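Student: Here it is, the structure, as structure tokens.
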Amino acid sequence: MDRYQHHWKDGTPVHLPLGKIVCVGRNYADHAKELNNPVPAEPLLFIKPATSAVHVTRPLALSANQGQVHFETELAVLIGKPLTNASESDAQSAILGYGLALDLTLRDLQSQLKEKGHPWERAKAFDGACPLSPFVAVEYFGNDCITFNLDIDEQRQQSGDTGDMIFPIVPLLAHISRHFTLLPGDVVLTGTPSGVGPLRSGQTLSLQLEDQLSVSTKVV
Ligand code: ZN
């Protein structure tokens, strides 16, 4: 398979390797509620490997006989500096850019694994499980909350606003860095708002990040 490489929105490569994708589950109360999950007292972290990353514009292929594949639209943070036991100001200055990601999840398999108390990797870490958009440099964003959307076949499906996060981005990065070192090129997925659902072949997904970025992809 082709190795994934980060890009800026103008198409130029980001000269940093993707090492890992650290994800947070249940970071929006309305999404925790829609899956009947309790809101966690501290961030629920898991990792997708670099091999799960693909460019979001590549058509999304549904794996056969694995049950439902759910989309979760998430703000993706591109890390530009190493972070270990970081302060919030270090975490803030390590943000190189923002993009959008789909945290694809084999929901039926995840439910079976959760029921048995087993790790989730087979449901979350498979090849292609992390479509990523190009990134927009952090300088293009102000200090306000960041909003993003997913439309499926021109219908609004998910709307995110970082102001609704249970664990906001900067404290979240500092928290993650107490458990795992974040390296330049790593990506942090910050959780999905409500509205997740199964992908169906033939759908067109359009993702928008404020007025900075708009990308589309198809389910085949
Ligand atoms: Zn997620």
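Student: Which pairs have Cβ atoms under 9 Å, sit 6 or more apart or on different chains, and link a residue in segment 99-110 that is in contact (Cβ under 8 Å) with a residue 40 or more places away in the chain and within 21 Å of Thr162 (Cα to Cα) to one that is more than 10 Å from the ligand (Cβ to nearest atom) and of a type in the set (Lys, Arg)?
Tutor: Every condition considered, the pairs that remain are Gly99/Lys9.
Student: Would you confirm whether or not segment 178-187 contains a residue that is surrounded by fewer than 20 Cβ atoms within 10 Å (Cβ to Cβ), closer than 17 Å to Tyr28 by Cβ and in contact with a Pro (Cβ under 7 Å, 6 or more places away or on another chain)?
Tutor: no
Student: Could you grab me the full set of residues in segment 36-75 that are within 14 Å of the ligand (Cβ to nearest atom), part of a loop (DSSP other than H, G, I, E, B) and either in contact (Cβ under 8 Å) with a residue 24 or more places away in the chain or surrounded by 15 or more Cβ atoms within 10 Å (Cβ to Cβ) (or both)?
Tutor: Within segment 36-75, Pro40, Pro43, Glu72 qualify.
Student: Restricting to segment 76-88, give me the number of residues that are open to solvent by less than 80 Å² (accessible area, probe 1.4 Å) and farther than 26 Å from Lys124 by Cβ.
Tutor: Residues that pass the stated criteria total 1.
Student: Which condition number does Ala125 fail, the rest of (1) over 23 Å from Gly185 (Cβ atoms); (2) open to solvent by less than 50 Å² (accessible area, probe 1.4 Å); (3) in contact with a helix residue (DSSP H, G or I) (Cβ under 7 Å, 6 or more places away or on another chain) being met?
Tutor: Exception for Ala125: condition (1).
Student: Now for a different question. Taking segment 188-220 on its own, how many of its residues are within 16 Å of Pro131 (Cα to Cα), surrounded by 15 or more Cβ atoms within 10 Å (Cβ to Cβ) and polar (S, T, N, Q)?
Tutor: Number satisfying all stated conditions: 7.
Student: Looking at Lys114, is it in a loop (DSSP other than H, G, I, E, B), open to solvent by 50 Å² or more (accessible area, probe 1.4 Å) and more than 13 Å from the ligand (Cβ to nearest atom)?
Tutor: no
The values are calculated or read from the model by the stated rules, or taken from the named source; none is laboratory data. Values in this document were obtained by computation on a predicted structure and should not be read as measured data. All Cβ positions, glycine included, derive from the backbone under ideal geometry; neighbour counts span all protein chains shown. Calculation scope for accessible area: heavy atoms of the full protein, side chains included, ligands and nucleic acids excluded. Shrake-Rupley method; radii C 1.70, N 1.55, O 1.52, S 1.80 Å.
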